Structure formats: structure tokens, C-alpha cells
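Okay, structure first, notes after.
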Amino acid sequence: MYRIITVDLDGTLLSPKNKITKYTKKIIKLLINKGLYIIFASGRHHVDMMHIRDNLNIKIFMITSNGAKVYDLDNTLIFENDLNTDIARKLISLTHLDLDIITQVYQNDYWYINSSKIQNNFCSSLSSLKYKYFNPDKFNFNKVSKIFFTSNNFEKLFNLEKYIIALLSEKVNVSFSVPGCLEVISGKTSKGYGLKLISNLLGISLKECITFGDGMNDYDMLKISGKACIMQNSDLRLKNLLPDAEVIGHNKDDSVAIFLNKIFFLSNV
């Protein structure tokens, strides 16, 4: 039976309104009381994820910024790997003049953006963390955990993905969380790397891990888990890459919680 439950947030555990429902909260607490380990694995900033965790009043592992920072049950930072300073500067230089793309940066406890003049899946209201504006010409590029690009021009982002991979190769890890959001972290880490780290720390095999996700940034952690579950609303490319993964329901229907309830016989409600 599974002992580790790893779950993505946006598009997976969270509702379309970016909330954790009462039913899902109940199931998470029942799982923890049963002695299971919960890992929240997200592209979100660590401050944002801490806010979500603290609202639930639970102890969990957290893989934040797609793996750039990993926290244990006691909220201790157990792994950190930032983008190389020169690479961060180079990435930002690629798009900061492009009016179709908003360039966004996670650095230390802060979230920076270069523009908010267009509607392009920016969704600042979905985060408890408040953004600040930055000027690339005056920005300090140290301690940047993640850079991401959002746009309604999906073709531009897909071309940007190809260009970054050709330019920087294994120095970076590039993936889409959703079609309108291209995310870049250090090539030395990922959600899957974070999951391996926690698995080793606990002394529990990855075969005893069940993982849920919906985006391309979830691919490697889904691939290495004993059981992979993807959402009905998942990226089509993810479904094609993981043909053996079980497709469960939509995130609007508490599908992760319902699935876990059935597996672990937690509640009749």
C-alpha cells in the first residue's frame, strides 16, 4: 500500500477557484491521522504554499517553485538550488521588451513582475503573495529560484521553450504548468528530484508513492512514482507521455480527495 501521497496544487488538488474545499481538507487530515505522508508539489512560491499549508493547520512536506526549494515536516528548508546568476540575467533579457509576454521572477521571499498591462493568465489574485515591479537593468539576479513567462500567445511561448532548451540545454529545467505559463528553474532540480529527496529521507521506496498532477511540470514526479494519477483536465501532452497513468476526474469535482477516500477507506461522507 502507498505511504507517500504527492499532489500538485493548481489544476489538481485546488478547485478552479484556487481553493481547497471542506471535503478535501477533511480527507487530507484523515490521511495524516492515518500515518501517511503528504507532499504538496507546486510551481508556486514557498511563501504562498506556506500560507495554504498553515490555513489547513497540518504538517506536510513541500516541494516549491517546481523543486527549487524543498521543506520538511517542521518547515525546515532541506534543499535549495537557484538559477545561475548569468543564466537568470540571460533569460530575462530574452523577453523583457516583448509586450505579449509578462516576465516573472521568484527571488528569496519575493515575487517580481516586469509588467501587468495585459491579461495573459497572470492571475495575481490567485496568490496570497503580493508582487513587486522590477527593472531588469537595475535588478540583482542572485538567489532567483524560478523565472516564468506568461502570455495568451501560446505559439510565442512554445517557440520560447524551444529556444531556451537549444540555448541552455541541461543547465535549466523548462516546462509548462499550463499552456500559457512557461517555467524555468535550475537544471539540477525538479519536482521529481524533490520527491526522490523526501523518499530517501523517509526511507520509503518510490514504489510506495502515489502521485497526482495535471501539467508538464508534474511529468518527472509522476513517472517515478509507484502509481501515477492524472487529471481529466490534464495537459494533452502529459496524457500522451504517460499512457499507463490512471486518469481520474476533473479538479472541479474534488477528484483527488474522492480517489484517495476510495483507496484508503477513510470516510462515508
Exercise for the section: Name the single residue, out of those in segment 181-205 being surrounded by fewer than 20 Cβ atoms within 10 Å (Cβ to Cβ) and small (G, A, S), that is nearest to S42 (Cα to Cα). Expected result: G187
Practice task
Give the residue that is farthest from the chain's Cα centre (by Cα), with candidates limited to residues of segment 63-97 that are of a type in the set (D, E, K, R) and in a strand (DSSP E or B).
Solution key: E80
Problem - From the options T6, T24, T12, residue that is in contact (Cβ under 8 Å) with a residue 24 or more places away in the chain and assigned to a strand (DSSP E or B) - result: T6
Practice task
Select, from K17, K25, K90, the only residue that is more than 27 Å from V144 (Cα to Cα), out of contact with any strand residue (DSSP E or B) (no Cβ under 7 Å at 6 or more places or on another chain) and surrounded by 14 or more Cβ atoms within 10 Å (Cβ to Cβ).
Solution key: K25
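Taking the conditions exactly as written (in contact with a helix residue (DSSP H, G or I) (Cβ under 7 Å, 6 or more places away or on another chain), in a loop (DSSP other than H, G, I, E, B) and not assigned by TED's automatic domain parsing to the domain that holds N173), does N233 satisfy them or not?
Yes: the conditions hold for N233.
Residue-by-condition table, conditions (1) assigned to a helix (DSSP H, G or I); (2) modelled with pLDDT under 95:
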{"residue": "N142", "(1), (2)": "no, no"}
{"residue": "I147", "(1), (2)": "no, no"}
{"residue": "N152", "(1), (2)": "no, yes"}
{"residue": "I165", "(1), (2)": "yes, no"}
{"residue": "S175", "(1), (2)": "no, no"}
{"residue": "L195", "(1), (2)": "yes, no"}
{"residue": "N200", "(1), (2)": "yes, no"}
Handout entry: Any hit, segment 115-131, residues being at pLDDT below 90, assigned by TED's automatic domain parsing to the domain that holds N159 and touching a Pro at 6+ places or on another chain (Cβ under 6 Å)
Key = no
Exercise for the section: Would you check if F79 is at pLDDT 95 or above, closer than 22 Å to D10 by Cα, surrounded by fewer than 21 Cβ atoms within 10 Å (Cβ to Cβ) and aromatic (F, W, Y)? Expected result: no
Handout entry: Output for segment 66-120, where each listed residue is among the polar types (S, T, N, Q) and in contact with a helix residue (DSSP H, G or I) (Cβ under 6 Å, 6 or more places away or on another chain)
Key = N66, T103
Handout entry: Residue that is nearest to I147 (Cα to Cα) [pool: residues in segment 208-247 that are of a type in the set (G, A, S) and touching a residue at least 60 places away in the same chain (Cβ under 8 Å)]
Key = G215
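When residues of segment 136-180 are filtered for being among the polar types (S, T, N, Q) and surrounded by fewer than 17 Cβ atoms within 10 Å (Cβ to Cβ), how many remain?
Final tally of qualifying residues: 6.
The values are calculated or read from the model by the stated rules, or taken from the named source; none is laboratory data. All of these numbers come straight from a predicted model, not from anything done at the bench. When we count neighbours, we look across all protein chains shown, and the Cβ atoms used for this are built from the backbone with ideal geometry, even at glycine.
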